[in-house]
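Student: Take this structure first; my questions come after.
The values are calculated or read from the model by the stated rules, or taken from the named source; none is laboratory data. Quick caveat: nothing in here was measured; it's all calculated off a predicted structure. Every residue, glycine as well, gets a Cβ built from its backbone with ideal geometry; the counts of neighbours run over all protein chains shown.
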2 protein chains.
Amino acid sequence: MAAQVTATPAFTRAEPDARRHSLIEATARVLAREGAAGTSVRAIAVEAGVSPGLVGHYFSGIDALVAATYAHVEGQVSRAIDAALGEAGNDPRARLNAFVTASFRAPVASGELLATWIAFWSLVRSRSDIARQHDEQYAAFRARLEALLGDCGMEAVHRRRAAIAITALIDGLWLELCLSPEAFSAKEAGAIARSAIDALL
Amino acid sequence: MAAQVTATPAFTRAEPDARRHSLIEATARVLAREGAAGTSVRAIAVEAGVSPGLVGHYFSGIDALVAATYAHVEGQVSRAIDAALGEAGNDPRARLNAFVTASFRAPVASGELLATWIAFWSLVRSRSDIARQHDEQYAAFRARLEALLGDCGMEAVHRRRAAIAITALIDGLWLELCLSPEAFSAKEAGAIARSAIDALL
DNA sequence: GCACTTGTTGTACGAGTGTCCAACAAGCAA
DNA sequence: TTGCTTGTTGGACACTCGTACAACAAGTGC
């Protein structure tokens, strides 16, 4: 029958930025579902509803795609924390508490994000460009925390160490929370972090 | 002499335990050198000077081998910390400090170990047996810390949270130290952890 | 000497990998 | 319309992957 020859439009052109974005989001979903080992060019292409060749057209390789996905997810985390800070009002201490609480709440603390982090970490030691990206994003995270500590009245000389400590504490709690959710609760993690900050201020 | 017919002994039988051990150590070396992505059955077999088929004879698959390697490396870390505790003498506070200092010193804090940890973490979410192994080893680490805190006179009701906090802090500092060694030094990490413990006691 | 068990080898297999590329589809310029 | 650029396809390529397995080597018991 000569009807409906093109039932499925096999070809749909998209805005380059939109396509990049959809590939990145597909990568995040595949990482969350399959883990780092099951994340291949083909799996990502299927997830994005696109042919495998297109991945190579937008990204130099799978490593670059993972790095872009990490940057994107880190941006989402950053915005989620900004939103929490916005809701917390103007009191500096309340803002700091909101920062901590948001870190242990969805969408920041979720086992699905963990796979993206792990896939990215596994590239840091072998690829210097990715190591640089990590350094920058870590520095940005710490700088924001230092600013919040300054608003709380902490003297400038102490801020650096305090920010390193709090970042490490949050990261460690976050990691353990994702890896073995039974060991302690998000509520407990928040309480631990807040009392550590009390001690530092 | 009868002409050295067998210049290279292609076949050497080893004690089962010794062979297991040599495969595990080869895996640790490959993980350190190539990262998780480059760690295959063949690469491990070459590193151990053994045919690829032998890996399957001792381990059910590469995941089991990675899990065994993690357990082995964790054992080394544990012994390194025990040795540090032994050198610290009997003063409870000095022992706690030794615990912290050893955590940021070779062989515990080394970028080479990181790859083993990451490879293991990447299996936690998809394999329940490995999740259980992680839970057990995390619980053991924390239990030891709780005992040290008890020796320092901390009341039993506070030990659990304090141990969670210190473990997370050490893990977070350790991770960042391995990922971006430029951000802060091992000495600084030790100082941060020790003053956090001061605050808790 | 012989059978028997078992560590060990090397290879073959099918599935999956990343990368490459000729062909095609769509929009834009002239 | 005609040509040109470019997003997109789908498959071919040359791998590498984990696993399975027949064959072999070294002990062990008899």
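Student: Does B:Ala115 satisfy the condition of being out of contact with any Phe, Trp or Tyr (no Cβ under 9 Å at 6 or more places or on another chain) and either aromatic (Phe, Trp, Tyr) or within 14 Å of chain A (Cβ to nearest Cβ) (or both)? First the steps, then the outcome.
Tutor: Numbers: out of contact with any Phe, Trp or Tyr (no Cβ under 9 Å at 6 or more places or on another chain): yes; either aromatic (Phe, Trp, Tyr) or within 14 Å of chain A (Cβ to nearest Cβ) (or both): yes.
So B:Ala115 fits the description; yes.
Student: Of the residues in the stretch B:40-61, how many are buried (at least 18 other Cβ atoms within 10 Å of the Cβ), under 12 Å from B:Ile24 (Cα atoms) and of a type in the set (Val, Ile, Thr)? Walk me through how you get there before you give the answer.
Tutor: We begin by selecting, within the stretch B:40-61, every residue buried (at least 18 other Cβ atoms within 10 Å of the Cβ); these are B:43-45, B:47-48, B:50, B:55, B:59.
Subsequent filtering for residues that are under 12 Å from B:Ile24 (Cα atoms) retains B:44-45, B:47-48, B:55, B:59.
Narrowing the set further to residues that are of a type in the set (Val, Ile, Thr) leaves B:44, B:55.
Adding up the residues that qualify gives 2.
Student: Look at the stretch B:153-173 and say how many of its residues are buried (at least 21 other Cβ atoms within 10 Å of the Cβ) and farther than 18 Å from B:Ala139 by Cα.
Tutor: The number of residues fulfilling the criteria is 1.
Student: Of everything in the stretch B:50-67, what is near DNA strand D (Cβ under 7 Å from one of its atoms) and within 14 Å of another protein chain (Cβ to nearest Cβ)? Give them in sequence order.
Tutor: Listed by number, the residues that qualify are B:Gly61, B:Ile62.
Student: So, one more: Restricting the stretch B:149-189 to residues that are free of Cβ contacts under 8 Å to residues at least 12 places away in the same chain and not in a helix (DSSP H, G or I), which is farthest from A:Val124 (Cα to Cα)?
Tutor: My answer is B:Glu155.
Student: Considering only the stretch A:6-33, state which residues are of a type in the set (Val, Ile, Thr), under 26 Å from the mean Cα position of the chain (by Cα) and modelled with pLDDT under 80. If you could, list the steps in order and put the result at the bottom.
Tutor: In the first step, residues of the stretch A:6-33 are kept if they are of a type in the set (Val, Ile, Thr); the result is A:6, A:8, A:12, A:24, A:27, A:30.
Going one step further and asking which of them are under 26 Å from the mean Cα position of the chain (by Cα), we end up with A:24, A:27, A:30.
Listed by number, the list is empty, since nothing qualifies.
Student: Output the residue which, of all residues in the stretch A:127-160 that are among the charged types (D, E, K, R) and in contact with a helix residue (DSSP H, G or I) (Cβ under 6 Å, 6 or more places away or on another chain), is nearest to the other protein chains (Cβ to nearest Cβ).
Tutor: Per the criteria, the residue is A:Arg142.
Student: Looking for whichever is among the charged types (D, E, K, R), touching a helix residue (DSSP H, G or I) at 6+ places or on another chain (Cβ under 7 Å) and within 14 Å of chain A (Cβ to nearest Cβ) here; the options are B:Glu47, B:Glu34. Which one fits? Working first, answer last.
Tutor: Details: B:Glu47 fails: within 14 Å of chain A (Cβ to nearest Cβ).
Going through B:Glu47, B:Glu34 in turn, the sole match is B:Glu34.
Student: If you don't mind, another one. Is it the case that the stretch A:92-99 has a residue that's within 13 Å of chain B (Cβ to nearest Cβ) and more than 13 Å from the chain's Cα centre (by Cα)? Steps first, please.
Tutor: Restricting attention to the stretch A:92-99, the residues satisfying the condition of being within 13 Å of chain B (Cβ to nearest Cβ) are none.
Checking the stretch A:92-99: not a single residue is within 13 Å of chain B (Cβ to nearest Cβ) and more than 13 Å from the chain's Cα centre (by Cα).
Student: Here is a further query. Examine the stretch A:68-77 for a residue that is farther than 30 Å from A:Gly150 by Cβ, at pLDDT 95 or above, more than 12 Å from DNA strand D (Cβ to nearest atom) and buried (at least 18 other Cβ atoms within 10 Å of the Cβ), and state whether such a residue exists. Steps first, answer last, please.
Tutor: Step one: filter the stretch A:68-77 for residues farther than 30 Å from A:Gly150 by Cβ, giving A:68-69.
So of that shortlist, the ones also at pLDDT 95 or above come out as A:68-69.
Retained after the next criterion (residues that are more than 12 Å from DNA strand D (Cβ to nearest atom)): A:68-69.
With buried (at least 18 other Cβ atoms within 10 Å of the Cβ) added as a condition, the list becomes A:68-69.
Checked against the condition, which is being farther than 30 Å from A:Gly150 by Cβ, at pLDDT 95 or above, more than 12 Å from DNA strand D (Cβ to nearest atom) and buried (at least 18 other Cβ atoms within 10 Å of the Cβ), the stretch A:68-77 yields at least one hit.
Student: Kindly establish whether A:Gly38 is out of contact with any Phe, Trp or Tyr (no Cβ under 7 Å at 6 or more places or on another chain), outside any helix (DSSP H, G or I) and within 13 Å of DNA strand C (Cβ to nearest atom).
Tutor: Working: out of contact with any Phe, Trp or Tyr (no Cβ under 7 Å at 6 or more places or on another chain): yes; outside any helix (DSSP H, G or I): yes; within 13 Å of DNA strand C (Cβ to nearest atom): yes.
Yes: the conditions hold for A:Gly38.
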